[in-house]
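Data first, discussion second: the structure below is written as structure tokens.
The values are calculated or read from the model by the stated rules, or taken from the named source; none is laboratory data. A quick note: this is a predicted structure, and the numbers were derived from the prediction, not measured. Cβ placement follows ideal geometry from the backbone for every residue including glycine, while neighbour counts extend to all protein chains displayed. Keep in mind that these areas ignore ligands, DNA and RNA; they rest on the heavy atoms of the full protein, side chains included. Shrake-Rupley method; radii C 1.70, N 1.55, O 1.52, S 1.80 Å.
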Amino acid sequence: MVSAVFHSPRDASVAVPLPANATVVKSAARVAVATTGGPAPSVRKPLDLRRFWMRVLPPLVGFGVLVLIWELIALRSAGTFPPPWETWLQAVKIFSDPFYRNGPNDQGVGWNVLSSLGRVALGFGLAAVVGIPAGFAIGRFEFLARMFNPLISLLRPVSPLAWLPIGLLVFKGANPAAIWTIFICSIWPMVINTAVGVQRVPQDYMNVAKVLNLSEWKIVTKILFPAVLPYMLTGVRLAVGTAWLVIVAAEMLTGGVGIGFWVWDEWNNLNVKNIIIAIFVIGIVGMLLEYALIKIATAFTFEEVKS
């Protein structure tokens, strides 16, 4: 997962020895205070080169290994697989005009990405509107939990693309069918995580609410919602990653404008350089989406979400 890439290197605490002159600097500051009677002038901290290189060097080495393997594959492919430099030049050419329009099936990569993001936003938003309240209800009432648990266990493992023909049959259109596929695949992480969060609220909280004779609305807003928020945000983060994965596959089958259709169209044109560029675009957009949600989640300072 992208979250592992974000958290592990940054959050790993690296034991860095203090510089040898740290004690001398502190002693000099104390002497200055004692002799002048005022605060010591600010002392600039020495640059910690080891920590800097531990953050910068490993990602650069990783990308270097990727480019090296890519170059070796290109050398052994006898010209059928483009090398990194030619792909880079093609990317510069594509992104020099990302919003051109030459017809319904020939549009810039910017329009394709925006179309895919629009479908993801709509399908994901509908899933959040339905899934989060459903998770609260399933976690709050045992009858509903026993009623829906078998259905969720049955439907959740179904492949996302298996839902696409149902969408085409019901909605009679490629665009609503793609949105339907995103909706049905995004809803499960939000339902399950929200329900688990509600079920893990300490029983003492609920006993206090019963003693105080709080209404169901106050129980939800004052007790359940703050306690469940970390679980709910985790479900949202997982759901948006699933939605972005699904839209690419769905657009390959439904056609129209979108990053998935762009990949399939370039494959039909045997333009491998554009396919590789599309793969990087899909990865970068997915990484930015998840990074934004991680920032939102950590803004609430919940340790379970941060971990």
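When 243, 209, 249 are checked against the criterion of being in contact with a Gly (Cβ under 7 Å, 6 or more places away or on another chain), in contact (Cβ under 8 Å) with a residue 12 or more places away in the chain and within 23 Å of residue 133 (Cα to Cα), 243 stands alone in meeting it.
Table: residues versus (1) more than 23 Å from residue 162 (Cβ to Cβ); (2) without any contact (Cβ under 8 Å) to a residue 12 or more places away in the chain.
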position: 230; (1), (2): yes, no
position: 236; (1), (2): yes, no
position: 239; (1), (2): no, no
position: 257; (1), (2): yes, no
position: 266; (1), (2): yes, no
position: 270; (1), (2): yes, yes
position: 276; (1), (2): yes, no
position: 282; (1), (2): no, no
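Regarding the range 273-281, can at least one residue be identified that is among the basic types (Lys, Arg), under 15 Å from the mean Cα position of the chain (by Cα) and open to solvent by 30 Å² or more (accessible area, probe 1.4 Å)? No, every residue in the range 273-281 fails to be among the basic types (Lys, Arg), under 15 Å from the mean Cα position of the chain (by Cα) and open to solvent by 30 Å² or more (accessible area, probe 1.4 Å).
So which helices (runs of 4 or more DSSP H) stay within the range 6-125 end to end and still have 2 or more residues that are hydroxyl-bearing (Ser, Thr, Tyr) and at pLDDT below 80?
Working: elements: 22-36, 49-76, 84-95.
Per the criteria, 22-36.
Here the condition is being open to solvent by less than 30 Å² (accessible area, probe 1.4 Å) and assigned to a helix (DSSP H, G or I); of 264, 244, it holds for 244 alone. Counting only helices (runs of 4 or more DSSP H) that fall entirely inside the range 134-225 and contain at least 2 residues that are over 21 Å from residue 246 (Cα atoms) and open to solvent by less than 80 Å² (accessible area, probe 1.4 Å), the qualifying elements are 142-155, 174-199, 203-211.
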